[in-house]
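Okay, structure first, notes after.
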Amino acid sequence: MASKNGPPSGGWAMRIVIVCCGLGMMGCKTWTKLTTSQKTLEEQRKYGSTADQRIDEHAAEAKAAKAGSHADQAEFTRKMVEAMLAEHDPRVRCGILDVAAEFDTPSAASICRGALEDPDVRVRMAACTAWRKRGGSEAVELLASRYRTDTEIDVRLRALRELGQLGDKGAVPVLAKALEDSDPAVQYRAVGALKRVSGRDLGDDVNKWREWAADPDGSSAEWTIAEGFRQLF
């Protein structure tokens with residue numbers, strides 16, 4: 001051991017080095033954190049808000065508009081049309097759709113119609129869900145059209161599912177037609193949708209559902225599949 005006035009022993013010297021290094025590392029971490037935060041702020045100023053921030057902003061604005069007058073809602077959804085057209089991120093466009101589905105204004109309906117033709121599959125799928133939320137005869141018509149015309153199987157399956165969720169008998173003709181599709185996944189989805197619309201459960205046998213769809217309620221039916229097809233085509 002060193003004398004009282006001499007230099008520290010090897011053990012003490014090592015401890016001093018470790019403490020100093022530890023303080024240095026803490027300083028480096030703090031500096032790195034500050035640098036990262038500053039970088040993030042600079043990126044936000046340069047590139048604008050993030051996708052999550054824009055989604056949250058739209059949701060907050062929608063909540064405020066809901067509490068306002070019909071004129072407030074009309075103005076808000078008009079701005080949402082502009083936001084939808086300017087938005088480059090499909091995830092944010094899906095968020096705008098989710099908001100628009102809750103408003104009964106011409107602008108909100110326009111957003112939901114236009115989204116069915118969006119180039120991104122995710123947005124078209126979200127549009128199908130939006131129309132299920134909106135409901136009504138227009139929803140049946142648009143979802144049926146999306147099933148028949150979309151090139152992506154995921155969108156077609158979503159359209160069939162939402163048709164079933166609507167529970168509208170006007171969807172039976174297109175669902176019956178889907179039973180004849182060559183894709184087993186489409187047939188299965190059509191069966192599931194028909195269970196919801198009809199309130200019946202004939203199992204998962206496609207042939208049984210084809211027989212039912214040919215004459216759902218016999219001669220006493222209020223509507224028939226033939227009448228539905230004449231309206232559809």
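The values are calculated or read from the model by the stated rules, or taken from the named source; none is laboratory data. What you see is a predicted model; the values in this text were computed from it and never measured. Virtual Cβ from ideal backbone geometry, glycine too; neighbours counted across all protein chains shown.
Considering only segment 116-129, state which residues are in contact with a Lys or Arg (Cβ under 9 Å, 6 or more places away or on another chain) and not in a helix (DSSP H, G or I). Passing the criteria: Leu116, Glu117, Asp118, Asp120. When we screen Arg113, Arg146, Arg132, Arg161 for residues that are within 17 Å of the chain's Cα centre (by Cα), part of a helix (DSSP H, G or I), crowded, with 23+ Cβ neighbours inside 10 Å and among the charged types (D, E, K, R), the only hit is Arg146. Condition check for Glu102 on (1) in contact with a helix residue (DSSP H, G or I) (Cβ under 6 Å, 6 or more places away or on another chain); (2) in contact (Cβ under 8 Å) with a residue 40 or more places away in the chain: one failure, at (1). Examine segment 74-83 for a residue that is touching an Asp or Glu at 6+ places or on another chain (Cβ under 7 Å) and either crowded, with 17+ Cβ neighbours inside 10 Å or of a type in the set (S, T, N, Q) (or both), and state whether such a residue exists. Checked segment 74-83: at least one residue is touching an Asp or Glu at 6+ places or on another chain (Cβ under 7 Å) and either crowded, with 17+ Cβ neighbours inside 10 Å or of a type in the set (S, T, N, Q) (or both).
Arg156 meets each of the listed conditions (1) farther than 30 Å from Val121 by Cα; (2) buried (at least 18 other Cβ atoms within 10 Å of the Cβ) apart from (1).
Each row is one residue, and each column tells you yes or no for (1) in the same structural domain as Ile96 (by TED's automatic domain parsing); (2) of a type in the set (A, V, I, L, M, F, W, C).
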position	(1), (2)
Ala130	yes, yes
Ala139	no, yes
Ser145	no, no
Glu162	no, no
Asp168	no, no
Pro173	no, no
Lys177	no, no
Asp183	no, no
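Would you confirm whether any residue within segment 70-81 is of a type outside the set (Gly, Ala, Ser) and in a loop (DSSP other than H, G, I, E, B)? No, every residue in segment 70-81 fails to be of a type outside the set (Gly, Ala, Ser) and in a loop (DSSP other than H, G, I, E, B). Among the residues of segment 211-232, the ones that are surrounded by 14 or more Cβ atoms within 10 Å (Cβ to Cβ), at pLDDT 50 or above and more than 16 Å from Leu163 (Cβ to Cβ) come to 1 in all.
Within segment 169-203, the set of residues being modelled with pLDDT under 90 and either of a type in the set (S, T, N, Q) or not in a helix (DSSP H, G or I) (or both) comprises Ser198, Gly199, Arg200, Asp201, Leu202, Gly203. Residues that are without any contact (Cβ under 8 Å) to a residue 24 or more places away in the chain and out of contact with any Ser or Thr (no Cβ under 9 Å at 6 or more places or on another chain): does segment 153-174 have at least one? Taking every residue of segment 153-174 in turn, none turns out to be without any contact (Cβ under 8 Å) to a residue 24 or more places away in the chain and out of contact with any Ser or Thr (no Cβ under 9 Å at 6 or more places or on another chain).
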